[in-house]
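The structure under discussion appears below in the form of structure tokens.
The values are calculated or read from the model by the stated rules, or taken from the named source; none is laboratory data. If you're wondering where the values come from, they're calculated on a predicted model, not measured in any experiment. Every residue, glycine as well, gets a Cβ built from its backbone with ideal geometry; the counts of neighbours run over all protein chains shown. Accessible surface areas use protein heavy atoms only, side chains included; no ligands, DNA or RNA. Shrake-Rupley method; radii C 1.70, N 1.55, O 1.52, S 1.80 Å.
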Amino acid sequence: MRTKGIDFTFVYNLRIIVNQTQTITLYQPLLHRLALKMVGSWQDAEDIVQDTFLKWLTLDQEKIKNTKAYLIKSVTNSCINHLNSIKRKKNEYLDAINPKEFVEKLDLSHIDIEHEISTALAMLHKKLEPVERAVYLLREVFNIEYDELQQIVNKKKENCRQLFSRAKEKLAIDTSKISFDMVNSAQLIESFKKACSFGEPKELIEDLRLEISQKA
């Protein structure tokens with residue numbers, strides 16, 4: 001439709017494009033922070049936010065009463081689906097492994113298990129605080145999710161992520177000057193070995209909790 005040389009269809013479409021661009025510019029940082037907090041990966045967060053905006057652009061936006069709420073909900077749902085997909089794939093991979101067959105193929109005759117565990121735990125004992133040690137062991141060795149970790153160590157999920165990251169940074173520091181003595185707690189060594197052998201860290205968790213409470 002043209003009136004006195006003005007193409008109103010063009011103007012209307014241009015206005016829509018401008019509004020869409022402003023919306024993306026306005027909400028992209030917020031949505032990316034939300035996605036990053038949920039999935040813990042910068043690239044995955046970017047992909048999720050981009051897919052959300054692409055889907056939003058295909059919709060009749062006039063029917064969306066609250067654009068901000070819609071976008072937040074969409075990103076949240078996509079993050080949940082992404083995490084569930086990762087967890088499902090991990091479980092499928094673990095189910096495909098035959099632990100007994102795997103262990104039988106290992107040649108452990110040359111390894112002093114007691115000494116190896118003691119040495120490793122000694123390093124953790126010297127370089128990490130009890131709560132850092134608990135988060136690192138349970139997350140790194142037993143792959144316990146942050147939702148469960150926050151219940152175990154009585155810390156918020158984001159705090160657990162920071163503790164894990166801090167622990168890795170501390171352990172990355174040169175260890176050549178550290179003298180590895182036997183860990184003073186035979187109980188911790190024993191509960192750690194049981195957790196590794198049976199895949200059930202319940203007893204280890206209790207010992208780690210005890211360490212944290214004694215430090216407090």
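If R₀ is 45 angstrom, what is the calculated FRET efficiency for the pair Thr67 and Lys126, using the beta carbon separation as r and rounding to 0.05?
Working from the Cβ atoms, E equals 0.30.
Assuming R0 = 25 Å, can you tell me the calculated FRET efficiency for the pair Lys55 and Lys168, based on Cβ-Cβ distance, to the nearest 0.05?
0.10
Compute the length gained on full extension between Glu203 and Gln28: take 0.36 nm times their separation in residues and subtract their Cα-Cα distance, giving the result in nm to one decimal.
Additional length available on full extension: 58.5 nm.
Determine how large the accessible area of Lys68 is when every protein chain is in place; take a 1.4 Å probe and give Å² rounded to the nearest 10.
Approximately 90 Å² of Lys68 is accessible to the 1.4 Å probe.
For Ile144, list long-range residues whose amide hydrogen, built 1.01 Å from N in the peptide plane, is under 5 Å from its own amide hydrogen.
When sequence neighbours closer than 5 places are left aside, the close amide H contacts are Arg139.
In nanometres, what is the gap between the two model label sites at Cys196 and Phe142, each 7 Å from Cα along Cα-to-Cβ?
With each label point 7 Å from Cα toward Cβ, the separation is 1.4 nm.
Too long at a 23 Å Cα-Cα cut-off: which of Lys87/Lys126; Lys157/Lys202; Lys126/Lys168; Lys37/Lys202?
Lys87/Lys126; Lys37/Lys202
Can you work out ³J(HN,Hα) from phi for every residue in the stretch 25-36, in order, using Karplus 6.51 cos²θ - 1.76 cosθ + 1.60 and θ = phi - 60°, giving whole Hz and x for Gly and Pro?
Values, residue by residue: 4, 6, 9, 4, x, 4, 5, 5, 4, 4, 5, 5 Hz.
What ³J(HN,Hα) values, in whole Hz, does the Karplus curve 6.51 cos²θ - 1.76 cosθ + 1.60 give for the stretch 118-127 when θ = phi - 60°, with x put for Gly and Pro?
Once θ is set to phi - 60°, the couplings for the stretch 118-127 become 4, 5, 5, 5, 4, 4, 4, 5, 6, 9 Hz.
Would you mind getting me the FRET efficiency between Lys37 and Asn91? Use the beta-carbon distance for r and R0 = 25 Å, nearest 0.05.
0.60
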